[in-house]
Protein chains: 2
Amino acid sequence: MKAILVIGDGMADRPLKELNWKTPLEAASKPYLDKMAKNGICGIMDPISPGLPPGSDTATLALLGYDPFKVYSGRGALEAIGSGVAVPPGDVAFRCNFATVNDDLVVTDRRAGRISNEDASKLAETLQKVKLEESLGVQFVFHNTIQHRAVLVLHGSKLSTAVSDSDPEKIGEKALEIKPLDESVEAEFTAKVLNELMQKFHEALKEHPVNMERIKRGLPPANIILFRGAGTVPHIKPLSEIYGVKTACVGAAPLVRGVCKAAGMDLVDVKGATGTPQTDYMAKAEATVQALKAYDFVLLHVKATDVASHDGNFKQKIEVIEKIDQMLKYLLDNVDLNSTYLAVTADHTTSCLTGNHEGDPVPLVITGPYVRCDDVEEFTERECARGGLNRIRGRDLMPILMNLIGKTEKFGA
Amino acid sequence: MKAILVIGDGMADRPLKELNWKTPLEAASKPYLDKMAKNGICGIMDPISPGLPPGSDTATLALLGYDPFKVYSGRGALEAIGSGVAVPPGDVAFRCNFATVNDDLVVTDRRAGRISNEDASKLAETLQKVKLEESLGVQFVFHNTIQHRAVLVLHGSKLSTAVSDSDPEKIGEKALEIKPLDESVEAEFTAKVLNELMQKFHEALKEHPVNMERIKRGLPPANIILFRGAGTVPHIKPLSEIYGVKTACVGAAPLVRGVCKAAGMDLVDVKGATGTPQTDYMAKAEATVQALKAYDFVLLHVKATDVASHDGNFKQKIEVIEKIDQMLKYLLDNVDLNSTYLAVTADHTTSCLTGNHEGDPVPLVITGPYVRCDDVEEFTERECARGGLNRIRGRDLMPILMNLIGKTEKFGA
């Protein structure tokens, strides 16, 4: 017995006036999701707890069975390990942006014109050579990921995650001085290191040939690195140890990949998977079917529903849902339904109206040979609320799936 | 976006034979509550946990989002601050009754003939002048509230809430000696102070001119003060700090007002609001609409449903429910429904049969612009159980409402 969990990031929504008070899931044509609802057991699920808007990182931790209140330790390290950069225990990692500032350090473009991977790689190579004062006893790894995105990992013995961000998160404001967020010497020290690094990076970038060339081409120079989301890798027991299963993640979003990596899952690389609405949906579906041959549990994550929601683009959200439906058709056609449990849910509600993650529950369906099918016929927020699973919490999902595939142990006698 | 939470105290019930096995909510005519059910999302809610009968204090704490197991610290201080008597941290407060005892200190009337506010005020004035031995280092405030009810606040450095009550809670029994409930010096000391105070109060009252006059008029003298419900003010973070909202309570019951005060809510005084079935319902509805202009969240509490239930008076309970329905008509007619979420629930089930708070869940409806309406058409215990909220806990309600009005913060990224 094996299991696939399909997560549509931010796929759940609230009723929208423009859709005649339907949600995108209710408005979409999704015969295979509905078929699963008909043949499976449905319910609603609070990813973390009712009313609490989760991040994709905390929600995915919960959906994998962990208690995010206990194990979550910031975004930076998850994003780093999801991008293939190691973050050993004790190291503190940050999400970074290549950005553009003027002479007064006022941010004029938070993404340096969505700088190309090629330019960013060249700049990153230079930055990696920047020397911190030796007496600090800190080493760092700086690694660009996609376009303007990068990660920074600090290695040393006196580091803390209790530091503020330098990213003001809006244009027209100065890059911020990093400040300690508690009274500890470690926080003060880490802030000092980061401020020094920000300054040295800025110096190394501002007259860099790549930037001189960019200015010539009329492009904004990537002349500063903004840091945010200090984090360490969560100390969690791998799923393989908890359930004795081999697990893999098919997904492109670095943050979700990082969570899966932290949970000891193998990351499957899929050509054409981009974490955007233009991702290669079918390539991911195919990769999932392939992975299921070698793994007991495969998480298939689609970021695009969330991207469309944050943009308030409900039409695109509907299109993405319909593409996810096609992925499910492929899965249903290509896995052995006698030995596979297939679950579909969202990691949280993202409202196309507010453009934010919201605290409403998400729909959930589980199909497979021995589930107690209910009479729900549509995979929507409201129909699933009538389902046989009633209302569960995100942390309940993994034990339910692992139990269905025979991987849980009895508690008691 | 703003929110109103209407709480019918003990409004939920069990089926009653006399109502052809309907509950009072099922038997009442309440077109506006039913309209809300039709237009909203319904569910059932365990105020604290399934089967546990909550008090109005613990339940209201939970409905405001707090964990009563962690923060509840006795009824006395809540009742005191709800009556306008300050209880600084460390002080221990008690609910008190003016009562009548015979020469053997046997209680003959626990309410001293429901003594008038006027008589009680005169007696309280005398009692406030009673001197405790200076060496004890304890000061006190004694304040009469409504009729026979009063509060006592002890101020000192060695006080404890671990003391028994002097109120035997039935007539025909002697006023009880107060005993320490644990081994601490503080509990022993507090019991000693209270016994001394009970004795001194009794001496000050028994030949008081007010009581001599009462005896002449054939009324029972208020010749003793009975103490119960030792408590301190709970250490809780105000709602304003948790959610960044301005909050107010429209309600007359001192205990519920006290909980709201402890949560940092402003208390709205309403002329004619009495906490009884004869309260001025419409004045409270009007005050709620007024308050909503200045506050983000208004709690409207009606005590009368509980009063009727404790008396086993199901006919009166139905009448009160129908008056609450009229309040809701007023609210629906007078608030901007495009920007207001309106929720109705009970703080607990009170059975007209047993006359007690019971552990059954309560019905809940939430209406407002972006809720996921379900197909429930009546606001009753049983119909709401089919609703889209399924079954939640009291502590979930506040995060859900605060999320709907955009006042929750994302956990994670």
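Throughout, read-outs are computed from the coordinates displayed, never taken from laboratory work. The structure presented is a predicted model; accordingly, all values stated were derived computationally and were not measured. Methodologically, a virtual Cβ is constructed for each residue, glycine included, from the backbone with ideal geometry; neighbour enumeration extends over all protein chains shown.
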List the distances, in nm and shortest first, from the label point of A:Lys315 to the matching label points in every other copy, placing each point 7 Å from Cα along the Cα-to-Cβ direction.
-> 6.4
Under 11 Å from the Cβ of B:Ile405, count the other residues' Cβ atoms, weight Lys and Arg +1, Asp and Glu -1, and hand me the total.
-> +1
Copy-to-copy label separations for A:Gln139, where each label sits 7 Å from Cα toward Cβ, in nm and ascending = 6.5
homo-copy label distances at A:Glu207 (7 angstrom along Cα-Cβ), nm, one dp, ascending, are 10.2
Cα long-axis angle, helix B:185-206 against chain B (0 to 90 degrees, to the nearest 10) = 70 degrees
Can you name the residue in chain A whose Cβ lies closest to the A-to-B rotation axis, and give that gap in whole Å?
-> A:Asn390, 3
Which longest run of chain A has no exposed loop site in it, a site being chymotrypsin sites (Phe, Trp or Tyr not before Pro) in a DSSP loop with at most 13 other beta carbons within 10 Å, and the site itself not part of the run?
-> A:1-369
Give the angle, between 0 and 90 degrees and rounded to the nearest 10, that separates the Cα long axis of helix A:281-294 from the longest principal axis of the Cα atoms of chain A.
-> 70 degrees
What's the exposure ranking of A:Thr380, A:Thr126, going from fewest to most Cβ atoms within 10 Å?
-> A:Thr126, A:Thr380
Quick shape check on the range A:188-274: root eigenvalues a ≥ b ≥ c of the Cα gyration tensor, a/c under 1.5 is rounded, otherwise prolate if a/b tops b/c, else oblate, and it reads oblate
What does the helix-only formula give at 222 nm for chain A: each DSSP H stretch with n ≥ 4 adding -39500 (n - 2.57), the total divided by the residues, and the result rounded to the nearest 500 deg cm²/dmol?
-> -10500 deg cm²/dmol
Per residue of A:388-400, what is the mean number of Cβ atoms on other protein chains within 10 angstrom of that residue's Cβ?
-> 1
Acute angle (nearest 10 degrees) that the helix B:314-334 long axis makes with the longest principal axis of chain B, alpha-carbon atoms = 60 degrees
Under the definition of Cα pairs under 8 Å and six or more residues apart, what whole-number percent is the relative contact order of chain A?
-> 33 percent
Singleton cysteines, the protein assembly as shown, no second Cys beta-carbon under 4.7 Å -> A:Cys96, A:Cys352, A:Cys373, B:Cys96, B:Cys352, B:Cys373
Do any of A:Lys293/A:Lys323; B:Lys158/B:Lys246; A:Lys17/A:Lys323; B:Lys293/B:Lys315 go past 27 Å between their Cα atoms, and which?
-> B:Lys158/B:Lys246; B:Lys293/B:Lys315
Which order do B:Arg395, A:Arg95 fall in if you start with the one that has the fewest other Cβ atoms within 10 Å?
-> B:Arg395, A:Arg95
Under 17 Å from A:Lys129, Cα to Cα: lysines that are on another chain or at least 8 residues apart | A:Lys200, A:Lys206
Take the alpha carbon atoms of the range A:216-244, find their center, do the same for the range B:323-382, and report the distance between the two centers in whole angstrom.
-> 45 Å
Charge dipole of the protein assembly as shown about the Cα centre (unit charges at C-beta), most positive-ward option of B:Thr58, A:Ser240, B:Ala28 = A:Ser240
Residues with beta-carbon under 10 Å from that of B:Ile392, excluding B:Ile392: net charge, scoring Lys, Arg +1 and Asp, Glu -1?
-> +1
Given chain B, what percent of its DSSP beta bridges are antiparallel, to the nearest 5?
-> 60 percent
Is there a pair in B:Lys35/B:Lys303; B:Lys237/B:Lys284; A:Lys35/A:Lys271; A:Lys271/B:Lys407; B:Lys30/B:Lys70 whose C-alpha atoms are over 32 Å apart, and which pairs would that be?
-> A:Lys271/B:Lys407; B:Lys30/B:Lys70
Let me have the relative contact order for the range A:81-231, percent, based on Cα pairs under 8 Å that are six or more residues apart.
-> 32 percent
Can you list residues whose amide H is under 5 Å from B:Glu358's amide H, if they're 5+ apart or on another chain and H is modeled 1.01 Å from N?
-> B:Thr349, B:Thr350, B:Ser351
At what distance in angstrom do the alpha carbon centres of the range B:160-187 and the range A:129-201 lie from each other?
-> 60 Å
GluC sites (Glu not before Pro) within the range A:114-189: which are DSSP loop residues with at most 15 other Cβ atoms inside 10 Å?
-> A:Glu133, A:Glu169, A:Glu173, A:Glu177, A:Glu183
Based on DSSP, what percent of beta bridges with both residues in the protein assembly as shown are antiparallel, to the nearest 5?
-> 60 percent
